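Taking it in order: structure first as structure tokens, then the write-up.
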Amino acid sequence: MIGKIILPRPFWHADIHADRRPFLLGRNRVKAALRHWFADQGFTEVECGAVQLSPGNETHLHGFPVLWRPDGEAEQTRYLHTSPEFAAKKLLAAGETRIVDFARVWRNGEVGPLHSPEFTMVEWYRTDADWTTVIADTLALARAAQVAGGGLLRWRGRSCDALAEPDMLSVADAFAAHAGIDLAACLDDRDALAAEVSRIGLDVRGDDTWSDLFSRVIVTIEPLLGRDRLTFLTHYPVCEAALARPCPTDPRWAERFEAYACGVELANGFGELTDAVEQRRRLEADMDEKQRIYARRYPLDEDFLAALGAMPPASGVALGFDRLALLALGGIDIRQVIWTPFPV
């Protein structure tokens, strides 16, 4: 039964589909509500191509390779994108100013109650807009989804009222409140952070990087966020925000936020970095780390880096649509809201 997060038979069996169908129709209502909001705000809906030179250059994201056989040429490797971000930013360079893509995206190896290897990412961008504007967008969309779902956002015994005033919490404040760690005192100091991580009882390994240690702490904090009301976690360390611009008042921190409901991450947004030289440095560093950990790397999209030079200042967000629909409908497994679940 889907209620036990088990599909004993394929989704196309009539009784299995009958159990899932109310959630699937609810998904359509949530999508319609979001599309209406974007249209009302003057966004142009776009469709970024799924097959790209690079799937994205984040260290821990893994793409699905595809083989391209151009006529008369050698076979070449391309990838299904993990996000439409690179292509969408090329459209901003081309002159688009307010765009949204209800994009199908693929992330290899991600399976679980909140993860599907193929899912829908709602990604949108505003040129000449501060990142606080897209934080407000994210709040409005969560509220629209909640209304379309007919109740509170819910996940496994927790609830969150998106209509309530949200909590705004910096990453440094979250580390202080929930882990007792002064993150600012540990920036750029791996050993200092390691000592703090060990002090609070988490494992520290000799080959852990600063980013590894940061991640080990933040995953203990995330389930505590978005209780009763949405939480916007803001101002990430700049080393944890490869595609975001530094805060102008303190460049140690970046214009990056994540939105949480019921302890579930729903969205990740940035004030977008448009410095192509700095962007290249960050992406190459991430690929060096991927090579170290996973013995693989992805190519850089040189066309994307070139487009950054023509891209105006912008802010954008990637929102996990299936997760938002799942919480709006009170489900317990992401397969409840995916019409044809990934065959695993």
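Please treat every number below as a calculation from the coordinates, not as lab data. Everything numeric in this text was worked out from a predicted model, so none of it was measured. Here Cβ is always computed from backbone atoms with ideal geometry, including for glycine, and neighbour counts include all displayed protein chains.
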Which entry in (i) 29, 27, 22; (ii) 29, 22, 18; (iii) 36, 22, 19 is this structure's computed semi-axes √(5λ) of the Cα gyration tensor in Å? (i)
As an exercise, use a Förster radius of 30 Å and the Cβ-Cβ distance of R35 and E75 to find the FRET efficiency, rounded to the nearest 0.05. 0.20
Assuming R0 = 25 Å, can you tell me the calculated FRET efficiency for the pair T97 and M168, based on Cβ-Cβ distance, to the nearest 0.05? 0.40
With label points set 7 Å from each Cα along the Cα-to-Cβ direction at L202 and E284, the distance between them in nm comes to 3.0
Long-range amide H partners of L153, meaning residues 5 or more apart or on another chain whose placed amide H is closer than 5 Å, are C160, A162
I want to check the label-to-label distance for E302 and A185. Put each point 7 Å from Cα in the C-beta direction and report it in nm to one decimal. 4.8
Bridge orientation stat for the chain from DSSP, antiparallel percent rounded to 5, came to 85
Mean-position separation - Cα centroids, the stretch 294-337 and the stretch 124-184, in angstrom: 17
Under the 0.36 nm per residue contour assumption, what length would be gained going from the current alpha-carbon distance of W339 and T132 to full extension? 71.2 nm
Residues meeting the amide H criterion for T44 (H placed from the backbone, H to H distance under 5 Å, 5 or more places apart or on another chain) are R98, I99, V100
Can you give the calculated 222 nm mean residue ellipticity of the chain, where each DSSP H run of n ≥ 4 adds -39,500 (n - 2.57) and the sum is split over every residue, rounded to the nearest 500 deg cm²/dmol? -11500 deg cm²/dmol
Cα atoms only, the stretch 248-344: Rg and Dmax in Å? 17.7, 48
